[in-house]
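Read through the structure below, which is laid out as structure tokens, and then see the notes.
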Amino acid sequence: MIRIENLKKKFKKLQALDDINAFFNQGQVISLIGPNGSGKTTLIKCILGMVRADSGSIHVNGKQINGDPSYRSQIGYMPQIGRYPDNMKVGQLFRMLKNIRKMPETELDTDLLVKFNLVSIFDKPMRTLSGGTRQKVSAALAFYFNPAILILDEPTAGLDPLSSEILKEKIMQEKQKNKLILITSHILSDLDELTTDVMYLQEGKMIFYKELSVLKKETNEEKLGKAIASIMKGGKREALWIDEVLALKETVKTN
Amino acid sequence: MLKLSRYVLYDILRSKVVLAYTLFLFIVSFSLFQLEENDSKAILSLLTIVLIVVPLISMIFTTIHYYNSYEFIELMLSQPLSRTRILLSEYAGVALSLLSAFFIGIGIPVLFFAFDGTGLALLFTGGALTLVFISIAFLASVKARDKARGIGAALLLWFYFALIYDGLVLLILFAFSDYPMEKFTLLLSALNPIDLGRIFIMLKMDISALMGYTGALYKDFFGSGTGVFFTLGIMLLWITLPLLWAIRVFKRKDL
């Protein structure tokens, strides 16, 4: 569904994406992982057309994304930090997007709207919402139009445990519907249950892109975090980041 | 496109700045017509407002509006909408609100007290200048990286067109006063929409008789049909070229 070829992007001196090649198909849940600033969000923004790549191409459903924005009607996007017009009310936001996407009422997916109980805050302006509530609005919007491709940038960050569970449940459901789901997250335990494939980025380079089962078999590990740790330790110093993650977990546990 | 502009307009009207602007223009022009016994004197005072205040407000308002609706633009970019359409909707929304403010605030008093060639020329110039400076402000804000730079650039441009340019023209005229400069100054006036507007209105008034030989030549030129078309054409260029440039920059921008 999404094909990425030789994608390169440079911000001033920083090589944000360095020759990325990948193919994402429906039914896959792909975890994009890597340290901060490794290019995960840039890759997502390239797919959405918000960032223009220097070279290389991206094809969505066989069509290269180049000018024609219609492919974005297939995509539901949940940004890392949801920023919305301050004066707009929650209900207006949903109405406006419904108006723009022109989807019949019956095909809308209001599941998360109901579960997060967002209808009760429909007449609140966006600026009064807390970070977590904004995140819920972002999530509900991403799933609202029942898109074939879901792109979720740090979906569970800032959500309370209950809402986080609801969201994961929802992602699982969509996975069953044979959709393509791209997730970035630093909470590897969240990804463990959802993901089918793992793509690891570092300093803009794709270090590996593998099926989760293959990854686990190769490393003889049960957990995603440990599997990545062991593969990175294969003589590479890039493993520092994952070491830190695991060390942090250990300290949390011992405390 | 109008669908998006509706939301832009709604957002602008909520902030009430445009209402204050309308009221300001209305009170100023109404009281000028009341104070001055001679209506053409009032028009002359109004001319200063139209040439100085209207461009300034148009530029500052547009720049601030652009940065305030950055979230809205971001949100729209993840939807199936083209960048051109997003920017043009923003333009249409701002233009519609500022133009109506101008035509209500100055248009109604002028039509009431001085409904003649000069009055209509004033309204035409004011409307055109509003659109021109909205275009230039869009270009400045799309090119600038942050709010401070954007507003700074807008202010500088306004300074240039409203004050510095005249100084430069005077300098050139003094330096080359031995040569016939009439045709050349005609060209110079086309390079500044404020100057063009000023000459266009002045020549509709009686005082143009005081302007000597150059004035006579101008009167000959601007009084004829070609002159009107010339002004109209140059103003149109001043509206479309910066806007097209802004769209070009916006299309290639990383957001």
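A few notes on this one:
- A simple count of charges around B:G119, restricted to other residues whose Cβ falls under 10 Å of its Cβ and scoring Lys, Arg +1 and Asp, Glu -1, yields -1.
- Simple spin-label estimate for B:N68 and A:K89 gives 2.0 nm between the two label positions (7 Å along the Cα-to-Cβ direction from each Cα).
- Kirkwood hydrodynamic radius of chain A, from the reciprocal of the average inverse Cα-Cα distance over all distinct pairs: 19.2 Å.
- Between the residues B:L19, B:S45, B:F250, the greatest Cα displacement towards the positive end of the dipole of the range B:2-252, with unit charges on the Cβ of Lys, Arg, Asp and Glu, is found for B:F250.
- Lys/Arg +1, Asp/Glu -1 at C-beta; chain A dipole; positive extreme among A:M88, A:P35, A:I75: A:M88
- Positive-end ranking of B:F115, B:A101, B:S5 along the dipole of the range B:1-117, with charges on Cβ about the Cα centre, is headed by B:S5.
- Sorted ascending by nearby beta carbons within 10 Å, beginning with the fewest, A:I65, A:I228 become A:I65, A:I228.
- Dipole moment magnitude, nearest 20 debye, the protein assembly as shown about Cα centre, only Lys, Arg, Asp, Glu C-beta charged: 1020 debye
- Placing unit charges on the Cβ atoms only, positive for Lys and Arg and negative for Asp and Glu, gives the range B:1-103 a dipole magnitude near 360 debye about its Cα centre.
- Around the Cα centre of the range A:97-230, unit charges on the Cβ atoms of Lys, Arg, Asp and Glu (plus for the first two, minus for the last two) sum to a dipole of about 360 debye.
- Spatial separation of Cα centroids for the range B:1-70 and the range A:1-78, in angstrom: 43 Å
- Once backbone amide H atoms are built at 1.01 Å from N, A:Q202 has A:I207 as its partners under 5 Å, excluding neighbours fewer than 5 places away on the same chain.
- Annotation: the residues B:I86, B:I164, sorted from fewest to most other C-beta atoms within 10 Å of their own C-beta, follow the order B:I164, B:I86.
- For chain B, the longest principal axis of the Cα atoms and the long axis of helix B:39-48 meet at an angle of about 50 degrees.
- For chain A, the longest principal axis of the alpha carbon atoms and the long axis of helix A:161-176 meet at an angle near 90°.
- If a spin label sat at a point 7 angstrom from the Cα of B:S31 along the line to its beta carbon, the backbone N atoms of the range B:73-102 nearer than 19 Å would be those of B:102.
- Exposure proxy for B:M202, A:M1: other Cβ atoms within 10 Å of each Cβ, ordered fewest to most, give A:M1, B:M202.
- Spacing of the two label points (7 Å from each Cα toward its C-beta) at A:F11 and B:L111, in nm: 5.1 nm
- Under-5 Å amide H pairs with A:L150, H placed in peptide plane, nonlocal only: A:G76, A:L180, A:I181, A:L182
- Cα centroid separation, the range B:101-150 to the range A:98-154 (Å): 39 Å
- Rounded to whole Hz, the Karplus (6.51, -1.76, 1.60) HN-Hα couplings of the range A:130-145, x for glycine and proline: 7, x, x, 5, 4, 4, 5, 4, 4, 5, 4, 5, 4, 8, 4, 9
- Over the range B:140-255, the ratio between the Cα radius of gyration and 2.2 N^0.38 Å evaluates to 1.30.
- Overall dimensions of the protein assembly as shown by Cα: Rg and Dmax, Å: 29.2, 96
Quick note: the coordinates plus some simple rules give every number you see, no bench work behind them. Just so it is clear, the model here is predicted, and its values are computed rather than measured. For neighbour counting, all protein chains shown are included, and Cβ atoms are generated from backbone atoms with ideal geometry for every residue, glycine included.
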